[in-house]
Amino acid sequence: MARPARALALSALILLAAVVPAAAADCAADAAHGVDWRRCRFDQYSLPGADLSGALLRDASFLRTDLSRANLSRATAFRAKFVNTTLQEATLDGGDFTEADFTKADLAHASLKGADLRRARFYQAVLTGADLTGAQLAGADFTRADLVGALWIDGKHVCGDGPRGQCN
């Protein structure tokens, strides 16, 4: 292809990319496997038992939301906010929750097996009886979190009754 033809083809692609909008999140969609809720707000919603497996939840907000027994396995929830959210017995296995905020969230008996929780914030969160087997925790903040009875990342060590924020 001649150089001017390549430049013309490249210009046409750039123009087309600027005109065709990227796929947008559907914040009005019902909770479902693979739903796209990027940057959506679901503060104070009641979604117990919702199937959000494989969902796109990047930068979404679930402040004070009931997600008890919800399935968030393999969800992409980078920087999502779960502040004061109920996630009791929820499944977050294999999900990407990098930099997510779980401040004061209730994750009692939740399954976080193989979840990416790097730089996630669990300030004063309840993780009693949670399963963290294989989770990535580099840089995660567990300040004042309740980890009593949680199964640690090695899948063998159960956290005892010790200082909050520490797995003893």
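Might you let me know whether the range 149-164 holds any residue that is free of Cβ contacts under 8 Å to residues at least 40 places away in the same chain, of a type in the set (G, A, S) and under 24 Å from C40 (Cα atoms)? Within the range 149-164 (the criterion being free of Cβ contacts under 8 Å to residues at least 40 places away in the same chain, of a type in the set (G, A, S) and under 24 Å from C40 (Cα atoms)), the answer is no, since none of the residues qualifies.
The lone criterion from (1) of a type outside the set (S, T, Y); (2) at pLDDT 95 or above; (3) over 15 Å from L52 (Cα atoms); (4) more than 12 Å from the chain's Cα centre (by Cα) left unmet by N168 is number (2). For the range 65-102, filtered to residues that are in a strand (DSSP E or B) and over 9 Å from the mean Cα position of the chain (by Cα), the residue that is farthest from R121 (Cα to Cα) is N71. Only one of the listed residues (R119, R69, R64, R39) is in contact with a Cys (Cβ under 9 Å, 6 or more places away or on another chain) and not aliphatic (A, V, I, L, M). That residue is R39. Picking from residues in the range 7-52 that are modelled with pLDDT under 55 and of a type outside the set (A, V, I, L, M), the one that is surrounded by the fewest Cβ atoms within 10 Å (Cβ to Cβ) is P21. Set side by side, the residues A115, A105, A55 differ, and just one is closer than 25 Å to A138 by Cβ, over 12 Å from the mean Cα position of the chain (by Cα), modelled with pLDDT of 95 or more and buried (at least 22 other Cβ atoms within 10 Å of the Cβ), which is A105. Can you find a residue that is in contact with a Gly (Cβ under 9 Å, 6 or more places away or on another chain), within 25 Å of D146 (Cβ to Cβ) and in a strand (DSSP E or B) anywhere in the range 54-64? Within the range 54-64, not a single residue is in contact with a Gly (Cβ under 9 Å, 6 or more places away or on another chain), within 25 Å of D146 (Cβ to Cβ) and in a strand (DSSP E or B).
Across the range 90-102, what is the number of residues that are buried (at least 24 other Cβ atoms within 10 Å of the Cβ) and of a type in the set (D, E, K, R)? Steps first, please.
Narrowing the range 90-102 to residues buried (at least 24 other Cβ atoms within 10 Å of the Cβ): 90, 92, 95, 97, 100, 102.
Now drop any that are not of a type in the set (D, E, K, R), which leaves none.
Of the residues in that region, 0 qualify.
The values are calculated or read from the model by the stated rules, or taken from the named source; none is laboratory data. Worth saying up front: this structure is predicted, and the values here are computed from it rather than measured. All Cβ positions, glycine included, derive from the backbone under ideal geometry; neighbour counts span all protein chains shown.
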